[in-house]
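Accompanying notes for the structure given below.
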Amino acid sequence: MHRSDTTMDDEKIAFLKERLRRAKKLMVLTGAGISAESGVPTFRGQDGLWQNYNVTDLATPQAFAANPKLVWAFYNWRRNLISQIKENPAHQALAILEESLPDFTLVTQNVDGLHRRAGSKNIIEIHGNLWQVKCSQCRQKYIDMSVNMGTLPLCKICGGLLRPDVVWFGENLDHQLLQRVEETAQTCDVLLVIGTSCQVYPVAAIPMIAKNGGAFAGEINTEETPITAGIDITIIGKAGEILPLLVK
Ligand code: BV8
Ligand code: ZN
C-alpha cells in the first residue's frame, strides 16, 4: 500500500529527533539554504545571487584585484540586503538545540551572521563573515566598516586596500579553524547537515569525515545532494519548517 510520504517524514522526523536528543557530541553544518527563508538568496537557486554575475566570478582575489569597486559593490549589496532581514525559525531552533545538549558545535559556510543574531554561541564561520573587513596588505582586521562607494576604504595602518573578511574561491581557509572542524567531524557522534549543496571543498568533505569517524549523519534539504546516498537519513523539506519540529 502506498504510504504517503508525509507519514514517512513523520517517522523520519521522530527518529532524527530521538537521535539528536541522545547526542553526546552534536556537530551541525549549515549552508545558504538555512538563510533562504529569511530572504537571503542562495548561490545556486534560481533566484541566485547577483543579477548577471555569478559569485564564483566575483568572490575571488582576481576579481578584487581587477575591479575592487565592483567586488565592493557586490558585498555592499549583500550587506545591505542582510541588514534588512531577520533570522528565521531554523536559526532559532539551532540556538535552542545548542542550549539543550552537552556538546554542540555549529559550522556555517554562511557569511551573513544570522546564526549569531539568532543566539547560537559555539559557531565556526569557516568562510568568514560579511560584517568583518581586513586589510588586503597587512591583514589588520576592522569590525563592520561601513563602506561608502565613493572612495574605496583604506587601511589606517598601512594605507592598503580593505577587503571583506571572507574566504574567496581559490583562497585557503584558516588553518586552525579547518583543523578544529575536521577534529569535530572525526569525534562527533551525530552530524546534522542543513541547507547546503555540498559542492564547495574542503567543507563538502565534512560529512564523509564524520561518517568515517562513526557518526550518525542526517541531512535536511529541499532536494537531494551529493551526500544523500552516503548518509543515514535525509529529510526533504524546508529548514524553517523541519528544524522547529526536531527541537520541540
Ligand atoms: C580552497 C564566502 C585551496 C564568500 C564561499 C575544481 C574542482 C574541485 C574543487 C575546486 C576546483 N577549483 C577550485 C576548487 C576549490 C573550490 C571549490 O570547492 N569550488 C567548487 C565551486 C567546485 N574551493 C575553494 O576555492 C576553497 N578554497 O579550496 O583552497 C585552494 C587554493 C588554491 C586553489 C585551489 C584550491 C574556498 C571555498 C570558499 C569560497 N567562499 N563563501 C562569499 O560568500 O561571498 S563559498 C560560498 O558558496 C558559501 O560559503 C558556501 O560554501 C558556498 C555556497 O554553498 P551552499 O551554502 O551550499 O549554498 P548553495 O546555494 O550551493 O546551496 C543551497 C542549498 O540549500 C541547496 O542544496 C538547496 O537545495 C538548499 N535549500 C534551499 N532552500 C532551502 C534549502 N534547504 C533547506 N531549507 C530551505 N528553505
Ligand atoms: Zn594594512
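For the reader, a short list of remarks on this structure follows.
- Phi angles across the range 190-207 convert, under the Karplus curve 6.51 cos²θ - 1.76 cosθ + 1.60 with θ = phi - 60°, into 3J(HN,Hα) values of 9, 10, 10, 9, 10, x, 9, 7, 6, 10, 9, 9, x, 5, 5, 7, 4, x Hz, Gly and Pro given as x.
- For the pair Leu177 and Lys25, a Förster radius of 22 Å applied to the C-beta separation gives a FRET efficiency near 0.75, rounded to the nearest 0.05.
- Sum of -39500 (n - 2.57) over DSSP H runs of 4+, divided by residues of the chain (222 nm, nearest 500): -10500 deg cm²/dmol
- Using the Cβ-Cβ distance between Thr222 and Tyr53 with R0 set to 22 Å, the FRET efficiency works out to roughly 0.35.
- In nm, spacing of pseudo-spin labels at Trp77 and Val200 (7 Å Cα→C-beta vector): 1.7
- Candidates Arg116, Arg139, Arg163, ranked by Gaussian network fluctuation over the chain, Cα under 10 Å, top entry: Arg139
Just so you know, all these numbers are worked out from the coordinates, no wet-lab data involved. These numbers were taken from a predicted model, which means no experiment stands behind them. With ideal geometry, Cβ positions are generated from the backbone for all residues, glycine too; neighbour counts draw on all protein chains shown.
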